[in-house]
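What follows is a set of notes on a single structure, which appears directly below.
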Amino acid sequence: MKGVSGTLPIDGLLPEILKYLQNNRNLVLEAAPGAGKTTRVPPALLTLTAQEVWVLEPRRIAARMAARRVASEMGERVGETVGYQVRFEDVSGPKTRLRFLTEGVLTRRMLSDRLLSNVGIVVLDEFHERHMDGDLALALLLNLQRTVRPDLRLLLMSATLDTEPIRRHLQCDVVTSEGRIFPLQERYTAPSNDRLDNQVAAALSSLLADSKHGDTLVFLPGAAEIRYAMQAVEPVARRHNLLVLPLHGDLSPAEQDRAVEPAPQRKVILSTNVAESSITIDGLSAVIDSGLERMAFDSPWTGIPELRITKISQASARQRAGRAARTGPGCVVRLYSQEDFLRRPPQNPPEIARRELAQLLLDLHAMNCDVRELPWLDSPPEEHVRAAKELLQRLGAFGPAGKAMARLPLTPRLARLVVEAEARDAAWSGCRIAAALSSGERLQGASRHASPSDLFLLAERDWQYRTKQTFDQICRATRVKQPQHAPDEALLISILSAFPDRVARRKQKGEYMLAGGGSAKLSEESALSGTDLIVAVDDEYRKDKGMQLNRLASKVEPE
């Protein structure tokens with residue numbers, strides 16, 4: 001391959017992989033971190049088909065980085081033979097034959113092209129993460145292959161996965177590749193009551209005092225922890241002339257690229273688990289692992305989402321540690337004890353076993369697919385399916401509004417809000433409200449003026465980068481091009497149509513009785529203090545209060 005430099009462990013297996021897929025439809029590739037599977041296998045597959053090869057990645061940054069690396073090794077710019085498509089970005093052209101996509105993009109593409117008529121091979125990379133979009137993609141692809149596209153070939157790749165259930169499910173062989181093995185020093189720390197950011201600063205200082213390491217990657221659970229850690233490590237970074245950079249999903253592509261691309265000085269990259277399984281970051285030789293991640297959970301009964309900080313699995317811990325020894329000897333400092341590590345579960349449960357399924361069912365409904373008839377690796381829990389169907393029925397998703405809801409890049413509730421706003425000539429404002437909610441915008445301080453809805457205030461304030469992108473994307477999908485005056489009543493009804501099961505009545509100061517049972521306390525930042533009847537839009541269960549905290553609300557007129 002033109003431009004390729006250096007030999008990787010996977011290179012010797014490429015002839016075996018190609019020969020097997022010439023004569024069989026499916027294959028599982030188990031390859032250790034650093035083997036080169038993401039950058040070497042997909043371009044080799046182009047020799048097997050005249051159609052496109054698609055590679056599904058669990059994260060946007062992985063799709064972008066892999067496409068750029070492969071294009072560079074082919075001596076081209078990304079967007080020529082090799083391109084990528086993630087949310088908000090499509091970098092491809094008429095010559096593109098190898099396309100890296102995030103898992104969710106496949107579902108969106110299949111809504112308009114059920115047969116994937118121009119695709120010959122689909123690669124599911126890093127499948128061990130078991131995101132719901134990945135499980136859905138595999139079920140849809142297998143269903144397509146077993147019904148109308150017997151020529152479609154599937155290659156499932158993973159570094160840390162029990163391959164036997166997958167092998168049986170795909171009815172195929174497993175090819176195994178070793179990674180490039182460099183020495184990895186593993187250190188554990190004693191339990192500490194100190195703040196996490198201070199623990200990170202101490203670990204970094206210790207690493208730098210011991211030896212001359214290259215770049216350091218620090219894994220933290222979320223963007224807030226990254227901000228605190230940036231302040232805590234600043235004195236250490238100043239002493240050692242280090243560049244400290246954040247890396248998480250809410251940053252712009254340019255900011256993410258700055259974190260992973262080579263720099264003239266040593267770097268400390270403070271990252272969420274977006275860096276856990278993307279391609280190799282050159283110059284990295286040390287990892288500091290908090291052992292924590294933010295994981296989303298949904299109650300199938302209330303539909304209230306909750307982001308919890310949880311301990312990572314042993315498999316994730318190994319993935320994180322392996323980042324330090326991909327290009328040379330490395331060191332990992334785990335901010336927890338070895339006993340703690342050994343008590344952790346081997347793998348995380350698949351998302352499909354714990355997440356709310358309304359979005360999945362809405363997409364399948366738009367494709368005329370029955371959730372029970374798809375070949376799932378792990379079937380969605382029946383009680384979750386039942387709860388999702390009940391919610392979609394409340395939202396009118398199985399009626400005329402369903403197709404319009406499915407075309408929007410939004411959760412079913414927010415899609416319903418936009419569709420209702422369109423019908424009431426309030427599309428522009430409806431799109432703004434949906435964008436703010438979708439991106440997790442929050443009120444900042446108590447409201448300075450009265451408003452019938454906290455969501456109106458969110459739509460009017462300055463937004464973070466991702467919210468602007470989301471708004472533009474929704475406007476393109478709805479073909480809304482210019483602002484329009486929207487009566488408050490139209491928007492209030494649109495909000496109510498999206499959250500019909502979240503009506504709450506005031507029973508005493510600041511406390512509301514929810515229509516579905518239970519109580520919620522209204523946030524002090526809400527503009528609706530004293531309102532008798534509200535829609536509780538954004539709830540969070542607070543253990544310290546023994547009830548939900550309603551962070552965002554909207555007024556309901558009794559009539």
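The values are calculated or read from the model by the stated rules, or taken from the named source; none is laboratory data. Since the model is a prediction, treat every value here as computed from it, not as a measurement. Cβ sites come from the backbone with ideal geometry, for glycine too, and all protein chains shown count toward neighbours. Ligands, DNA and RNA are stripped out before the accessible areas are found, and what is left, the full protein with its side chains, is counted by its heavy atoms. Shrake-Rupley method; radii C 1.70, N 1.55, O 1.52, S 1.80 Å.
None of R69, R64 is within 20 Å of V41 (Cβ to Cβ), among the basic types (K, R) and open to solvent by less than 20 Å² (accessible area, probe 1.4 Å) except R64. Of all residues assigned to the range 534-543, none qualifies as being more than 21 Å from L307 (Cβ to Cβ), among the basic types (K, R) and surrounded by fewer than 22 Cβ atoms within 10 Å (Cβ to Cβ).
Checking each residue in the range 445-464 for being farther than 16 Å from R551 by Cα, surrounded by 12 or more Cβ atoms within 10 Å (Cβ to Cβ) and in contact (Cβ under 8 Å) with a residue 40 or more places away in the chain picks out only Q464. Out of L140, L124, one residue alone is surrounded by 16 or more Cβ atoms within 10 Å (Cβ to Cβ), closer than 19 Å to V274 by Cβ and modelled with pLDDT of 95 or more. It is L124. Cβ-Cβ distance below 7 Å, separation of 6 or more or different chains: which pairs start in the range 492-503 with a residue that is closer than 13 Å to A515 by Cα and of a type outside the set (A, V, I, L, M) and end on one that is in a loop (DSSP other than H, G, I, E, B) and open to solvent by 30 Å² or more (accessible area, probe 1.4 Å)? Going by the 7 Å Cβ cut-off, the qualifying pairs are D501/A515; D501/G516. Here E373 does not qualify as open to solvent by 10 Å² or more (accessible area, probe 1.4 Å) and under 20 Å from the mean Cα position of the chain (by Cα).
Restricting attention to the range 420-439, the residues that are farther than 22 Å from R394 by Cα, touching a helix residue (DSSP H, G or I) at 6+ places or on another chain (Cβ under 6 Å) and either of a type outside the set (A, V, I, L, M) or part of a loop (DSSP other than H, G, I, E, B) (or both) total 3.
Across the range 479-488, the number of residues qualifying as open to solvent by 20 Å² or more (accessible area, probe 1.4 Å) and touching a residue at least 12 places away in the same chain (Cβ under 8 Å) comes to 6.
Report yes if S277 is among the hydroxyl-bearing types (S, T, Y), modelled with pLDDT under 90 and buried (at least 20 other Cβ atoms within 10 Å of the Cβ), otherwise no. When the stated conditions are applied, S277 passes them.
So, in the range 445-473, of the ones that are among the hydroxyl-bearing types (S, T, Y) and in a helix (DSSP H, G or I), which residue ends up modelled with the lowest pLDDT? I'd like the intermediate steps shown before the answer.
Here is the first cut: in the range 445-473, the ones among the hydroxyl-bearing types (S, T, Y) are 447, 451, 453, 465, 467, 470.
Imposing the further condition that a residue be in a helix (DSSP H, G or I) reduces the set to 465, 467, 470.
Details: Y465: 81, T467: 88, T470: 90.
Filtering first and then ranking leaves Y465.
Among helices (runs of 4 or more DSSP H) entirely within the range 354-418, having at least 1 residues that are closer than 23 Å to Q469 by Cβ, without any contact (Cβ under 8 Å) to a residue 40 or more places away in the chain and in contact with a helix residue (DSSP H, G or I) (Cβ under 7 Å, 6 or more places away or on another chain) singles out 401-406. Listed by position, the strands (runs of 3 or more DSSP E) contained in the range 128-210 that have at least 3 residues being more than 20 Å from P58 (Cβ to Cβ), in contact (Cβ under 8 Å) with a residue 60 or more places away in the chain and β-branched (V, I, T) are 174-177.
Can you pull out every residue in the range 100-127 that is closer than 18 Å to P42 by Cβ and in a loop (DSSP other than H, G, I, E, B)? Explain how you work it out, then say what you get.
If we filter the range 100-127 for residues that are closer than 18 Å to P42 by Cβ, which is where we start, we get 100-103, 105-106, 109, 116, 118-127.
Answer for the range 100-127, where residues must be closer than 18 Å to P42 by Cβ and in a loop (DSSP other than H, G, I, E, B): L116, N118, D125, E126.
If you go through the range 222-244 and keep only what is open to solvent by less than 10 Å² (accessible area, probe 1.4 Å) and under 25 Å from Q469 (Cβ atoms), you end up with G222, I226. With respect to the conditions (1) open to solvent by less than 30 Å² (accessible area, probe 1.4 Å); (2) modelled with pLDDT under 95; (3) within 26 Å of I166 (Cα to Cα), P349 lacks only one, and its number is (1).
If a residue must be within 18 Å of L154 (Cβ to Cβ) and in contact with a helix residue (DSSP H, G or I) (Cβ under 9 Å, 6 or more places away or on another chain), how many such residues does the range 11-39 contain?
Going residue by residue through the range 11-39, those that are within 18 Å of L154 (Cβ to Cβ) are 13-14, 16-31, 37-38.
Keeping just the survivors that are in contact with a helix residue (DSSP H, G or I) (Cβ under 9 Å, 6 or more places away or on another chain) gives 13-14, 17-18, 21-22, 25-31, 37-38.
Qualifying residue count, the range 11-39: 15.
Within the range 508-517, track down each residue that is under 31 Å from the mean Cα position of the chain (by Cα) and open to solvent by less than 60 Å² (accessible area, probe 1.4 Å). L514 - this is the single residue of the range 508-517 that is under 31 Å from the mean Cα position of the chain (by Cα) and open to solvent by less than 60 Å² (accessible area, probe 1.4 Å). Scanning the range 461-500 for residues being more than 22 Å from L408 (Cα to Cα) and charged (D, E, K, R) gives a total of 4. The residues on offer are R476, R505, R442, and the sole one that is part of a strand (DSSP E or B) and either touching a His at 6+ places or on another chain (Cβ under 9 Å) or open to solvent by 20 Å² or more (accessible area, probe 1.4 Å) (or both) is R505. Note on the range 215-272: enclosed strands (runs of 3 or more DSSP E) holding 1 or more residues that are touching a residue at least 40 places away in the same chain (Cβ under 8 Å), aromatic (F, W, Y) and over 21 Å from F88 (Cα atoms) are 215-219.
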